[in-house]
1. Within the stretch 134-186, which residues are surrounded by fewer than 22 Cβ atoms within 10 Å (Cβ to Cβ) and on the phi > 0 side of the Ramachandran plot?
2. Could you name every one of the helices (runs of 4 or more DSSP H) located completely within the stretch 399-513 that has at least 2 residues being more than 27 Å from Thr349 (Cβ to Cβ) and of a type in the set (S, T, N, Q)?
3. Please go through (1) of a type in the set (Ser, Thr, Tyr); (2) under 30 Å from Val183 (Cα atoms); (3) surrounded by fewer than 16 Cβ atoms within 10 Å (Cβ to Cβ) for Thr484 and return the number of the only condition it doesn't satisfy.
4. Could you list, in sequence order, the residues of the stretch 24-45 that are surrounded by 16 or more Cβ atoms within 10 Å (Cβ to Cβ) and either at pLDDT below 95 or within 11 Å of the ligand (Cβ to nearest atom) (or both)?
5. Return the total of residues in the stretch 436-485 being closer than 20 Å to Val207 by Cα and under 22 Å from the mean Cα position of the chain (by Cα).
6. Select, from Ala53, Ala48, the only residue that is among the small types (Gly, Ala, Ser), within 30 Å of Thr209 (Cβ to Cβ), at pLDDT 95 or above and buried (at least 19 other Cβ atoms within 10 Å of the Cβ).
7. Output the number of the condition that Cys221 fails; it satisfies all remaining conditions of (1) within 9 Å of the ligand (Cβ to nearest atom); (2) assigned to a loop (DSSP other than H, G, I, E, B); (3) at pLDDT 95 or above.
8. Looking only at the stretch 46-59, how many residues end up being within 9 Å of the ligand (Cβ to nearest atom) and either touching a strand residue (DSSP E or B) at 6+ places or on another chain (Cβ under 8 Å) or free of Cβ contacts under 8 Å to residues at least 24 places away in the same chain (or both)?
Amino acid sequence: METRRINTDYLIIGSGISALNFALRIPRNKKVLILTKKERTDTNTNYAQGGVAAVLDKTDSFSSHVEDTLKAGAGLCVKEAVEIMVKEGPKLIKDLIEWGIEFTKNETTDLELWKEGGHSKRRIVHSGDFTGREIEKTLMSAIKKHPNIRIFEHHIAYEFIEQDGAVYGVSALDVSTGEIMRVLAKITFLATGGAGQVYQHTSNPSVATGDGIALAYNAGCKIADMEFFQFHPTTLWTPTHTERQLLISEAVRGEGAILSDGDGNRFMKDFDERMELASRDIVARACDSVLKEKGYDYVFLDISHKDSTLIKKTFPNIYKECLKHSIDITKEPIPVVPAAHYMCGGVYTDLYGRTDLRGLLAAGEVSFTGVHGANRLASNSLLEALVFSTRAASIAQDWAVSSSLHKKLKLKEGRKSIIGESVLATHTKKEIKQTMWDYVGIVRRDYLLNRALRRFKLYKGEIEELFENSYLSRDIVELRSLVTVAYLITKSSLERKESRGLNYNKDHPKTEKEFKKHTFLKKEE
Ligand SMILES: Cc1cc2nc3c(=O)[nH]c(=O)nc-3n(C[C@H](O)[C@H](O)[C@H](O)COP(=O)(O)OP(=O)(O)OC[C@H]3O[C@@H](n4cnc5c(N)ncnc54)[C@H](O)[C@@H]3O)c2cc1C
């Protein structure tokens, strides 16, 4: 099949909050092309329920938000990045409002601010319990008004066009036609989001396979702190496996929901005196322990003792979604399991989204700015995405590569290929997800991590061979990403011989001073 070439000023990979916000901040006369691998709203952003943390109330302060973030990060946050995020955030919330987003207001028409675990003040601005959907809708309608921004759906980027330490665009597959494209750009902005799909249970949609991490790692970028993966304690368990599990927001516990095991024991009393109001990582670890120890498939979360009208008003989306699975949360407990939720580590960037490679910027969940440290404070991720994609747009011109070099690039041939059975990809994908869940999950042990690493090294070799010798497909590209991310998380977890934040290792239960540092991994030549 022919290889098509496209030229643009700015190439954006992804269509979540980071990508769309970046696109809207580019000078209007520049040509912008957005590639996104499924439908435009298939993003983590679209599923965000809670909201965006920002200092908007008179009784709140920047120092308090900074302090809460640093506390959650367990000694590993980059303080300068946190301060930037907290101070620049409120102005960007106002921009969102100007672009037309409808955040929930209280009776006096001020913004209604929620308080979430780890925040000492009310500072979560939200649109009901479907904030992400509102953000995505608002940014998309602003994008539609831009004559110079084009979006190609069902286009998956699989390799950077990289030469001598600079990025000139990507190779991408048009999934609908099987056509391979080379997109050449002066600036490439990576906004591919997270990688929850590397685990068997996840709240992330199917697109979250860590492609951006794999692209950047394979091109020689530094990847940081991949051991810190946040698990959400409560997602809906269903008898048939779904690719994404519904999040049962922590606000449900905040409103008084009770966790119990299959025998009716309120098990949180054995783990923390705050019971269900303990922090996210403690509750996730408790659920994981009970499930593993007793061999249950799920535990129960029960809010049905509260007023049913209030439940429906406060959690309209959760109520509606659970009903689709024949569970009426106003009358019965919800079966729940913990699930992989947020990737704190990522592609290393400076405070303006610059990666190690000229021409390549990154922001959002794919990136590592250092704001989350060893544990993300709730609702700081949409804020981080907004702030650092805005900063990246502000310096993008100066980080551009020259388009005159495009003609001199050595581009690979399109592939002619042989191996066709997709069972190879589906089988290995299941093995990776299961191994990650069982050996590199919420509670870790060195011998399990070593077992996992041996397997991932083997899979990596096999998958690379498959990748080189197959007709390209979305499955093959994603499989290559998943094994790369699995390998990086496992290797980083083995390097951290301590327990800190989200990395809990039974063989190293204490937090050690000598490990108050980041874990960096780079591809060995
Ligand atoms: C259920 C849920 C609830 C959440 N709730 C909150 C919350 O309340 N508050 C908060 O702050 N955060 C929340 N988060 C986290 C937050 O939503 C994400 O961190 C944030 O939306 C990430 O935005 P992003 O722009 O970086 O990536 P995303 O929104 O995930 O977008 C990534 C995009 O990249 C595309 N893509 C990926 N790979 C490729 C490729 N190879 N080629 C082309 N396109 C590609 C995807 O298709 C997608 O369009 C939640 C996450 C989930 C899953």
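1. Once the filter is applied, which keeps residues that are surrounded by fewer than 22 Cβ atoms within 10 Å (Cβ to Cβ) and on the phi > 0 side of the Ramachandran plot, the stretch 134-186 yields His154, Asp164, Gly165, Gly178.
2. So the answer is 423-439, 446-469.
3. So Thr484 meets the others, but not (3).
4. Ile34, Leu35, Thr36, Lys37, Lys38, Arg40, Thr41, Asp42, Thr43, Asn44, Thr45
5. Of the residues in the stretch 436-485, 14 are closer than 20 Å to Val207 by Cα and under 22 Å from the mean Cα position of the chain (by Cα).
6. Numbers: Ala48 fails: at pLDDT 95 or above.
After applying the criteria, what remains is Ala53.
7. Only one criterion is unmet by Cys221, namely (1).
8. Keep residues of the stretch 46-59 that are within 9 Å of the ligand (Cβ to nearest atom), which gives 46-53.
From what's left, either touching a strand residue (DSSP E or B) at 6+ places or on another chain (Cβ under 8 Å) or free of Cβ contacts under 8 Å to residues at least 24 places away in the same chain (or both): 47, 49-53.
Summing the residues that are within 9 Å of the ligand (Cβ to nearest atom) and either touching a strand residue (DSSP E or B) at 6+ places or on another chain (Cβ under 8 Å) or free of Cβ contacts under 8 Å to residues at least 24 places away in the same chain (or both) in the stretch 46-59 gives 6.
The values are calculated or read from the model by the stated rules, or taken from the named source; none is laboratory data. In this text the structure is predicted, and so the values were computed from the model without any measurement. For neighbour counting, all protein chains shown are included, and Cβ atoms are generated from backbone atoms with ideal geometry for every residue, glycine included.
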